[in-house]
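The values are calculated or read from the model by the stated rules, or taken from the named source; none is laboratory data. These numbers come from a predicted model, not from an experiment. Note that we place each Cβ from the backbone using ideal geometry, even for glycine, and neighbour counts take in every protein chain shown.
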Amino acid sequence: MAGWLSTLKKELTGETGEAAHAPQQAWSPQVFEDIEWRRFEALCETLFGQAGVRTESQSHGADGGVDIWLYSAHSPKPMIVQCKHWRRKPVGVQQLREFFGVLKANDLQYGTFATSSTFTDDALVFAKANGINAQDRSGLLRLIGTRTAEQQQALLAVAYEGEYWKPTCVNCGVKMAERKPKEGGTPFWGCVNYGKTRCRFKLYMASDR
């Protein structure tokens, strides 16, 4: 067993006392199911960085529709990447139109839209017509498959780093905690900074994304 995986097994207990889903030892669609959105973005950044480009990103807060900036010595302009970590809901043409607007706002002709889910047919048509490289779950797995065995293991380590199953607050950049409404109802993930900053960001556990 890889050293990083042995270390990871010591970190598999969350605040609820329940063990997280055991990490995969090889690449498969299950990896995307296991991890939360921030790990997915970190994975994409590392994957594109392995191609020899310099990357920049931010962990939380408003990003202007750009999750990752890619800089190549062979191009005067950067390329931008937007990531959508959705598990079941396909990315539609509306999301691609919004990303196209981000491209135009940054005076760029090309960009990549990466998702752990799939794209609708009309979204793929729009992407092809407007210089958008649409990478869905299958496309990302194919791209990962072109990497060396060592690089693929490095990508797994990034995906399963830390409490990979716990969502990260998009406002504060900290791991969220499981909350159960006192009056009953659907459990949700709440920001741990609620008492300090009154951050009200929450994610319901039963989600189509």
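Miscellaneous remarks
- Filtered by the rule that a residue be surrounded by fewer than 21 Cβ atoms within 10 Å (Cβ to Cβ) and of a type in the set (A, V, I, L, M, F, W, C), segment 115-131 gives 124, 125, 129.
- Restricting 70, 108, 103 to residues that are over 27 Å from residue 31 (Cα atoms) and outside any helix (DSSP H, G or I) narrows the list to 108.
- Residues in segment 90-106 that are of a type in the set (S, T, N, Q) and without any contact (Cβ under 8 Å) to a residue 40 or more places away in the chain were compared, and the one that is nearest to residue 116 (Cα to Cα) is 95.
- Condition check for residue 133 on (1) closer than 21 Å to residue 110 by Cβ; (2) assigned to a helix (DSSP H, G or I): one failure, at (2).
- Residues (surrounded by 13 or more Cβ atoms within 10 Å (Cβ to Cβ), closer than 18 Å to residue 149 by Cα and over 14 Å from the mean Cα position of the chain (by Cα)) located in segment 26-55: 27, 49, 50
- Of the residues making up segment 56-73, just one is in contact with a Gly (Cβ under 9 Å, 6 or more places away or on another chain), surrounded by fewer than 18 Cβ atoms within 10 Å (Cβ to Cβ) and either hydrophobic (A, V, I, L, M, F, W, C) or at pLDDT 95 or above (or both), namely 73.
- Yes/no for residue 76 being crowded, with 20+ Cβ neighbours inside 10 Å and at pLDDT below 95: no
- Scanning segment 79-91 for residues that are crowded, with 19+ Cβ neighbours inside 10 Å and part of a loop (DSSP other than H, G, I, E, B) yields a total of 2.
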